[in-house]
1. Can you confirm whether the range B:103-116 contains a residue that is surrounded by fewer than 21 Cβ atoms within 10 Å (Cβ to Cβ) and touching a strand residue (DSSP E or B) at 6+ places or on another chain (Cβ under 8 Å)?
2. Got at least one residue in the range B:39-47 being more than 10 Å from chain A (Cβ to nearest Cβ), assigned to a loop (DSSP other than H, G, I, E, B) and more than 16 Å from DNA strand D (Cβ to nearest atom)?
3. Being within 14 Å of DNA strand C (Cβ to nearest atom) and modelled with pLDDT of 95 or more narrows it down to one of A:7, A:84, so name that one.
4. Kindly indicate whether any position in the range B:29-47 is closer than 28 Å to residue B:308 by Cα and more than 12 Å from DNA strand C (Cβ to nearest atom).
5. Just checking, how many residues over the range A:264-281 are touching a residue at least 24 places away in the same chain (Cβ under 8 Å) and over 16 Å from residue A:329 (Cα atoms)?
6. Give me the residue from the range A:10-23 that is more than 9 Å from DNA strand C (Cβ to nearest atom) and surrounded by fewer than 18 Cβ atoms within 10 Å (Cβ to Cβ) and, out of that set, farthest from residue A:49 (Cα to Cα).
7. Would you be able to say whether some residue in the range A:57-65 is over 30 Å from residue A:20 (Cβ atoms) and crowded, with 22+ Cβ neighbours inside 10 Å?
DNA sequence: ACTCTTGCCGTAAACGTTTACGAATGTATT
DNA sequence: AATACATTCGTAAACGTTTACGGCAAGAGT
């Protein structure tokens, strides 16, 4: 319960004014090396820790950024988060973890909280495309970069995988393998990632002269049970229209799809081929071997943080940049 | 770039002193309902957001807690984190995410940072058992609860699964199934969770009159590639001493083990049975069906936060409590 | 009509820092 | 010896809140 000493305690101990202590600890030139060393030694001995709250108040900078993501439980995000976090510690920043559970309202409340906590910047993943509240944040001038979420706003920077291209590659690969009836199982419809992957899907069909079959396009949420549920429905419908391949908008959905397929006595990839998106770690397990579109998750996290730093340090406008990362189709054994 | 209004701006607009604004917004009784409403309305219109940094400085409370965990990439921790986070938002708290990558030094540096940021409390998962720096933190009086990490310190509260019991159940189950040569593959030796699970393992052997075979006890780190590596080594050694079952100290290790077993042309569970620990979501996948000891991860997170709240609100000492949660053996198809 | 409450609000201090400004001393320049 | 300048440090203001204290007006009690 020993109370932490303040800068004044250190000053008293050293017999100088607390301004001098501050200057000594921050290595200002206008204090002699001698007293500087003496003060630093005393501060160490006393276990002095600068109060970052007080520092933040006067410096108007908290060395803190908020990370708003929809679902820390989806293995995609921890990988990204780790990249962000690693870059953050190197830069001396700490991050607030804000999990929205895909709830736009909770996301909005988090904005207010983070603004109140005076974060220096924001990294936001998708929760929905309802951007009315996002506009408010961007207008407030707080530096923000979006990950895997495209926002149509002048000064917003986004780091996203080329969803259209990735989906297109995946579906065209399936077409090359001879598939003609390819289903699309998406996540929440109001998430741009889901919409763009659908767009890549339709584009691939178009490019190869295949007709769009609306009954083969289903959306739910980016979770495993959603994929399981949807695929079961697809399989229950008339047999003649059963797809021979499924492109799932993320790996969790794909895992649900696989489970449904197997439980219906069908085999993968013989009866139905499955391709996912994200390439989470478990996609590479020998038992899974999911063919999927890979994203550089960890590097995406690092990149997100470093561009945020540019915004913060640059001070200028966020000039609406949109950084596109390249997807890579990883062919394994479910296709 | 519109600058956020302060309480003084609101006061000027409302024609009152800023003290009155503060009182109105905090619903103090000594301001008339009339002006209260008027001020609140004006504050809303101006988009006023209280500066939590300034509030924290005077109230000596930041509504912020630090979460220090070793590996956000291990699916065990996101589940716990989600529980913590959900409980935190309900209580109006925000959490700092601190990932140590199992690095004790990084953990130690995070202590200082979080103390400087004046967190109201700390939730700490295991990084190592090197507790010299932990003692410093506990002595500082900051309210702390440990998850899945037992600390021998007077005023520390821990929430842990009964590792000994869980491991014992798992191994005795294997013994009942007729196994006599059961290997133990652990995580870092300086993690109490790993040590206690080893303890449960030996206890189960003892209880059933089985001799300990040191050559069947291996440790590495709590990661999949570690399990893969160790299991390969075990299989490379002389065939006559090959185990017929493996108890892995967590599910990630077990997944690595399974991969190694299969790659060596052996089948599970016929040639070698495998049991894990944690019951991460992927253990229940139809392709995996891992027999494992289940932990109530989400609830553990909620519990961790609520007991932290008790410590903070109670103000008293953390009275060295140790809350033991019950493990549940989930039998699937790898045993 | 006087004091006593009561209700409402403003003044100012405090939280722990950083930093502009000024003061004091010593050294160099003329 | 007088001036100028550099070095080193202290004083005080500022950051945006909360809150103890005091003041003032209005109503109640005598």
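1. Yes: the range B:103-116 contains one or more residues that are surrounded by fewer than 21 Cβ atoms within 10 Å (Cβ to Cβ) and touching a strand residue (DSSP E or B) at 6+ places or on another chain (Cβ under 8 Å).
2. Checked the range B:39-47: no residue is more than 10 Å from chain A (Cβ to nearest Cβ), assigned to a loop (DSSP other than H, G, I, E, B) and more than 16 Å from DNA strand D (Cβ to nearest atom).
3. That would be A:7, the only listed residue that is within 14 Å of DNA strand C (Cβ to nearest atom) and modelled with pLDDT of 95 or more.
4. no
5. So the count comes out to 6.
6. Checked the range A:10-23; the qualifying residue farthest from residue A:49 (Cα to Cα) is A:15.
7. yes
For every residue, the table says whether it meets (1) surrounded by fewer than 22 Cβ atoms within 10 Å (Cβ to Cβ); (2) more than 12 Å from residue A:94 (Cβ to Cβ); (3) under 17 Å from the mean Cα position of the chain (by Cα); (4) facing another protein chain (nearest Cβ under 9 Å).
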| residue | (1), (2), (3), (4) |
| --- | --- |
| B:94 | no, no, yes, yes |
| B:123 | no, yes, yes, no |
| B:126 | no, yes, yes, no |
| B:129 | yes, yes, yes, no |
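The values are calculated or read from the model by the stated rules, or taken from the named source; none is laboratory data. Bear in mind the structure is a predicted one, so any value in this text is a computation, not a measurement. Please note: Cβ atoms are built from the backbone with ideal geometry, for glycine as well, and neighbour counts cover all protein chains shown.
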